[in-house]
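The values are calculated or read from the model by the stated rules, or taken from the named source; none is laboratory data. All values derive from a computational prediction rather than experimental measurement. With ideal geometry, Cβ positions are generated from the backbone for all residues, glycine too; neighbour counts draw on all protein chains shown.
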């Protein structure tokens, strides 16, 4: 089977990111016409309720109930939807202080999240606290560069998951930020941090070899760090080969439209992030027949 890959030439037309025709080898006509809708959030930080109506920046915006309604509406209109989160689910409101992550996990399960990765604040109640909250999640946590083998989270996360939607194979994996110096040592214990670029290259290559039509990285590295060599989403995109889409978190970056970086072989990588606190729901429609990414930022209000 011929490997799928994006073409190099990229243009922006009417809000769509045109990546040329995908190469599907001998796939069937029904698969070639498949469309995928990716919904994503990041850094929701325990914001269960909307911001107050008199809030200076986000009056009445956000809230799980409104997000749930949007997600249900989109699912009723589209056949193939993935709902993903890029970490920092915990910390930020009294709901977290009171329920220690249990409420967030239950609500994300109700909303039907397909997968999430861990952010640094998801370690705030320690590995035991995260494990206790995780029992209420019916979706996997994808953490490729956190080695939990010597901790109580051994076998509680996975490096990646392959989803099948409309005959397509979508590989999704997670990459997290360095915890040392950011999180108290006792909160992450014997967790080993693996190099994010090396890990991302290894995992994305494996997903490509397994015939994935699309490879998505759920990142909690941060969008960019000007004048710094610290690994960010933009650096990760430029130093890897098989990632098509990076959905980011950690830096609370509000992108009006996705950023495009060229990877190590000159192919485009799409990077997106939707701020924080659940005030936005990221939406990216991918038309595999026409080779188009169609991004849309949906305000939760």
- Test for residue 48: is it surrounded by 23 or more Cβ atoms within 10 Å (Cβ to Cβ) and either touching a helix residue (DSSP H, G or I) at 6+ places or on another chain (Cβ under 7 Å) or not in a loop (DSSP other than H, G, I, E, B) (or both): no
message = So, residue 300, is that one more than 24 Å from residue 162 (Cα to Cα) and modelled with pLDDT under 95 or not?
response = yes
Picking from 215, 269, the residue that is crowded, with 23+ Cβ neighbours inside 10 Å and modelled with pLDDT under 95 would be 269
Checking 278, 282 in turn, the sole residue that is part of a loop (DSSP other than H, G, I, E, B) and in contact with a strand residue (DSSP E or B) (Cβ under 9 Å, 6 or more places away or on another chain) turns out to be 278
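Output yes when any residue across region 194-206 is in a strand (DSSP E or B) and either in contact with a strand residue (DSSP E or B) (Cβ under 8 Å, 6 or more places away or on another chain) or closer than 16 Å to residue 118 by Cα (or both), and no when none is. Lay out the reasoning, then the answer.
Step one: of region 194-206, the residues in a strand (DSSP E or B) are none.
No, the conditions are met nowhere in region 194-206.
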Condition set touching a helix residue (DSSP H, G or I) at 6+ places or on another chain (Cβ under 6 Å) and surrounded by fewer than 20 Cβ atoms within 10 Å (Cβ to Cβ), scope region 223-242, selection farthest from residue 205 (Cα to Cα): answer is 224
Worksheet item: Before we move on, is residue 282 under 27 Å from residue 67 (Cα atoms) and buried (at least 24 other Cβ atoms within 10 Å of the Cβ)?
Response: no
Filtering region 51-77 down to residues that are closer than 27 Å to residue 219 by Cβ and either crowded, with 20+ Cβ neighbours inside 10 Å or touching a residue at least 60 places away in the same chain (Cβ under 8 Å) (or both) yields 51, 58, 61, 62, 63, 64, 66, 67, 70, 71, 74
